[in-house]
Amino acid sequence: MRTKKASKNKTNVNISYWETDRYLGVQDLVVIGSGIVGLFTALNYKKQNPKAKITVLERGVLPFGASTKNAGFACFGSLSELLQDLKTIPEQQVWETVSMRSNGLKLLRKSLGDKAIDYKALGGYELFDDTSELERCIDQLPAMNEKMRKAIGEKNTYALVNSKIKNFGFKNTKGLVLNRCEGQIDTGKMMESLMSLVRKNNITILNGVTVTNIFDSGPSAIIETDIAEFSAKKVVVAINGFAKQLLNIKDVAPARAQVLITKPIKGLKIKGSFHYQQGYYYFRNINNRLLFGGARNLDIKGETSSDFKITAQIQNDLEKKLKQMILPNTPFEIDQRWAGIMGVGSEKKPIIKYVSKNVIAAVRMGGMGIAIGSLVGKKAAELAGE
């Protein structure tokens with residue numbers, strides 16, 4: 001973000017009067033990024049200010065980061081992941097973040113409806129292949145259930161369900177812990193429903209617009225793009241792992257998440273969403289296909305990247321675990337592979353704050369965008385409306 005305004009974008013010479021009048025006049029709010037956070041920001045600001053002119057700028061044909069590339073997990077924290085967080089993050093902040101994730105899921109479901117997002121309350125499971133790690137987590141299970149009750153208002157969130165290991169067909173698995181409050185959604189249906197709701201509220205979404213800089217001084221901010229300049233009284237930057245490309249902001253970095261999905265598997269027994277190794281691995285059944293992602297912990301430095309490429313190291317590991325642990329007796333074929341970009345930092349609580357006079361950052365979802373994104377957007381809109 002520059003402190004001095006750059007020279008006027010030369011491409012403005014090809015902008016018509018109609019385009020200038022409708023899109024380039026001063027907006028009440030410009031949101032950068034059309035993912036979950038960006039669209040919920042726009043929706044909630046419009047709810048607070050019905051007459052407001054709002055434009056969402058998106059550089060991709062679809063949301064560029066992870067909102068249409070994630071695994072569709074309606075989750076807020078596996079047992080081992082939260083226990084690890086409690087070692088490195090202040091306890092109050094851990095439970096505040098868990099509460100935000102739970103409330104965010106409720107807001108997402110209430111705003112769009114379970115049918116529209118194909119929400120299924122099938123529970124979230126965590127696999128353990130290490131006996132000592134399993135025992136450590138089981139020892140803490142009663143205490144964690146009590147803390148979870150205080151954080152989200154639900155009793156007995158976690159339970160040991162080893163009897164289901166055989167039913168699912170897993171191999172080399174020592175234990176299975178259920179989070180009964182978690183579920184799953186159809187990511188594509190969710191984003192389609194959300195974009196439709198935004199447009200019904202007379203909010204403009206412009207795709208294929210790359211923001212190159214924001215100049216913030218005076219009563220409004222200037223957003224420089226590859227096609228024209230936009231003006232706004234308030235700007236919310238909701239591009240998560242790409243935040244540093246526009247803002248001078250600390251403790252948020254891109255984190256690539258690689259995924260693969262099989263062709264349909266007849267009689268696939270696996271139902272629900274599953275985590276493994278403190279959430280670094282995750283898989284689920286989607287339309288009788290097995291979606292499997294993660295393994296970022298094998299190469300943290302290499303996966304701290306905003307490049308969407310997939311790598312042999314990660315993909316080979318995913319396939320190996322599919323064959324040896326998850327689908328040991330089931331033939332399968334890989335149909336697609338892709339990557340999404342998350343935003344992470346040393347803390348997992350999202351950053352929602354002013355970074356200059358008229359510019360707000362709403363970033364660092366910590367890999368929990370589905371759970372927390374709607375609430376972060378709501379809070380960003382409230383901050384912009386103050």
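Out of (1) within 16 Å of the chain's Cα centre (by Cα); (2) over 21 Å from Glu96 (Cβ atoms), what's the single condition that is false for Leu327?
Looking at each condition in turn, Leu327 falls short on (1).
Would a scan of segment 184-191 turn up a residue that is in contact with a strand residue (DSSP E or B) (Cβ under 6 Å, 6 or more places away or on another chain) and under 25 Å from Gly72 (Cβ atoms)? Quick ask: steps written out before the conclusion?
Quick first cut of segment 184-191, residues in contact with a strand residue (DSSP E or B) (Cβ under 6 Å, 6 or more places away or on another chain) only: 184-185.
Filter once more, so that each one left must be under 25 Å from Gly72 (Cβ atoms): 184-185.
Yes, segment 184-191 contains at least one residue that is in contact with a strand residue (DSSP E or B) (Cβ under 6 Å, 6 or more places away or on another chain) and under 25 Å from Gly72 (Cβ atoms).
Counting only residues that are closer than 23 Å to Phe230 by Cβ, give me the strands (runs of 3 or more DSSP E) lying completely in segment 313-386 with at least 2 of them.
351-354, 359-363
When you look at Lys269, is it touching a Gly at 6+ places or on another chain (Cβ under 6 Å), farther than 25 Å from Ser356 by Cα and among the basic types (Lys, Arg), yes or no?
yes
Take residues that are more than 27 Å from Pro331 (Cβ to Cβ) and aromatic (Phe, Trp, Tyr) and tell me which of the helices (runs of 4 or more DSSP H) falling wholly in segment 104-173 contain 3 or more. Walk me through it before giving the result.
Working: elements: 114-117, 131-152, 164-168.
In segment 104-173, there are no helices (runs of 4 or more DSSP H) which contain 3 or more residues that are more than 27 Å from Pro331 (Cβ to Cβ) and aromatic (Phe, Trp, Tyr).
Out of everything in segment 240-254 that is aliphatic (A, V, I, L, M) and in contact with a helix residue (DSSP H, G or I) (Cβ under 6 Å, 6 or more places away or on another chain), what residue ends up being modelled with the highest pLDDT?
Val252
If you scan segment 226-239, which residues turn out to be at pLDDT 95 or above and farther than 13 Å from Tyr23 by Cα?
Once the filter is applied, which keeps residues that are at pLDDT 95 or above and farther than 13 Å from Tyr23 by Cα, segment 226-239 yields Lys233, Lys234, Val235, Val236, Val237, Ala238, Ile239.
Yes/no matrix, rows are residues, columns are (1) surrounded by fewer than 18 Cβ atoms within 10 Å (Cβ to Cβ); (2) of a type outside the set (S, T, N, Q); (3) touching a Leu at 6+ places or on another chain (Cβ under 9 Å); (4) farther than 23 Å from Gln245 by Cβ:
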position	(1), (2), (3), (4)
Gln27	no, no, no, no
Gly33	no, yes, yes, no
Ala42	no, yes, yes, no
Tyr45	no, yes, yes, yes
Arg59	no, yes, no, no
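The values are calculated or read from the model by the stated rules, or taken from the named source; none is laboratory data. Every value quoted in this text rests on a predicted model; they were computed, and no experiment measured them. For neighbour counting, all protein chains shown are included, and Cβ atoms are generated from backbone atoms with ideal geometry for every residue, glycine included.
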